[in-house]
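Here's the structure, in structure tokens; my notes come after.
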Amino acid sequence: MNRTLAYRLENVAVQHGWREVLHLPTLEVFAGEILCLVGPPGSGKSTLLRLLAGLQRPSRGQVWFHGELLNYPMPITVQRTITLVFQRPLLLTGTVRSNVEYGLRIRGDAQRHQKALAILERMHLAHLADRPASAISGGEAQLVAVARALAIAPEVLLLDEPTNNLDPARVALVEEVVLADHKLRGTTVVWATHNHFQARRAGSRVALLLDGRLIETAAATDFFAMPRDARTAAFIQGQMVY
């Protein structure tokens with residue numbers, strides 16, 4: 001059975017000065033899947049997410065979104081279907097509630113107050129709704145960033161290690177809410193994580209990036225149980241790979 005593609009990348013590279021930080025002959029992201037990106041720091045995960053979000057222009061190559069060749073900057077109609085949660089939360093001035101309402105407000109959503117409160121409830125943040133965003137903890141700010149992303153019900157959710165600095169209870173909460181949203185709406189999720197266990201729990205497929213290269217992509221169960229590449233096996237075992 002054919003699967004619908006959300007993204008297809010061909011011969012894509014991103015150059016930062018003299019260094020090629022991303023080099024992907026091909027990559028496919030299927031609509032409605034959760035693709036977990038794993039790899040050590042500097043492997044290209046964040047660059048790839050920024051590319052998919054339209055925040056990073058490829059130095060060369062072509063990117064298709066739902067079969068349409070993309071130009072950069074991405075059209076606003078495409079950008080509004082995609083949201084990226086950064087590893088370090090970037091909150092606006094104002095209250096927690098106004099942060100979560102931001103995307104809904106610029107879309108002219110008349111139900112933004114109710115939708116913002118609903119997602120704050122799900123993220124166990126309702127008691128902070130009227131608190132200044134500058135007065136909450138780093139862990140709370142990260143949850144607010146996830147809530148803000150989910151509030152707009154994006155078609156594509158890009159996550160750049162959003163649980164990296166959270167305690168286990170909050171890690172579990174983020175996973176629970178993201179997976180529930182994915183199950184309900186069929187969201188396409190690309191999730192960069194350094195946590196093997198998280199990739200096993202959340203991923204439909206898992207992809208290993210090393211030095212900007214895609215080493216192996218497989219269904220999550222196969223990726224961890226039967227890695228085809230020796231570098232994948234070494235990475236899963238906690239060894240340093242380059």
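Against the conditions (1) modelled with pLDDT of 95 or more; (2) touching a Phe, Trp or Tyr at 6+ places or on another chain (Cβ under 9 Å); (3) among the basic types (Lys, Arg), ARG57 satisfies every one except (1).
Can you find a residue in the range 89-108 that is under 14 Å from the mean Cα position of the chain (by Cα) and either within 26 Å of LYS183 (Cα to Cα) or not charged (D, E, K, R) (or both)? Yes, the range 89-108 has at least one match.
Annotation: ARG57 fulfils all but one of (1) out of contact with any Lys or Arg (no Cβ under 6 Å at 6 or more places or on another chain); (2) farther than 29 Å from GLY139 by Cβ; (3) not hydroxyl-bearing (Ser, Thr, Tyr); (4) not in a loop (DSSP other than H, G, I, E, B); the unmet one is (4). Put simply, of ARG205, ARG213 the only residue that is at pLDDT 95 or above and under 15 Å from SER43 (Cα atoms) is ARG213. From the list LEU104, LEU84, the one residue that fits, being over 21 Å from ALA169 (Cα atoms), at pLDDT 90 or above and not in a helix (DSSP H, G or I), is LEU84.
Does at least one position in the range 24-37 carry a residue that is exposed (fewer than 15 other Cβ atoms within 10 Å of the Cβ), at pLDDT 95 or above, outside any loop (DSSP other than H, G, I, E, B) and among the polar types (S, T, N, Q)? Within the range 24-37 (the criterion being exposed (fewer than 15 other Cβ atoms within 10 Å of the Cβ), at pLDDT 95 or above, outside any loop (DSSP other than H, G, I, E, B) and among the polar types (S, T, N, Q)), the answer is yes, since at least one residue qualifies.
Scanning the range 14-44 for residues that are in contact with a Gly (Cβ under 6 Å, 6 or more places away or on another chain) and closer than 22 Å to VAL156 by Cα yields a count of 5.
In the set ALA180, ALA218, ALA169, only one residue is at pLDDT 95 or above, out of contact with any strand residue (DSSP E or B) (no Cβ under 6 Å at 6 or more places or on another chain), farther than 23 Å from PRO89 by Cα and surrounded by fewer than 21 Cβ atoms within 10 Å (Cβ to Cβ); that residue is ALA218. Among the residues examined, ASN71 qualifies as assigned to a loop (DSSP other than H, G, I, E, B) and either over 24 Å from PRO162 (Cβ atoms) or outside the structural domain of LEU210 (by TED's automatic domain parsing) (or both).
Please count how many residues of the range 119-152 are more than 15 Å from LEU173 (Cβ to Cβ), part of a helix (DSSP H, G or I) and among the aliphatic types (A, V, I, L, M). Total satisfying the criteria: 3. Exactly one of (1) in contact with a Pro (Cβ under 9 Å, 6 or more places away or on another chain); (2) modelled with pLDDT of 95 or more is unmet by GLY138. Its number? With respect to (1) in contact with a Pro (Cβ under 9 Å, 6 or more places away or on another chain); (2) modelled with pLDDT of 95 or more, GLY138 is out only on (2).
Evaluated against (1) surrounded by 15 or more Cβ atoms within 10 Å (Cβ to Cβ); (2) of a type in the set (Lys, Arg); (3) outside the structural domain of GLY108 (by TED's automatic domain parsing), ARG185 falls short on exactly one condition, (1).
The values are calculated or read from the model by the stated rules, or taken from the named source; none is laboratory data. This is a predicted model, so every value here is computed, not measured. All Cβ positions, glycine included, derive from the backbone under ideal geometry; neighbour counts span all protein chains shown.
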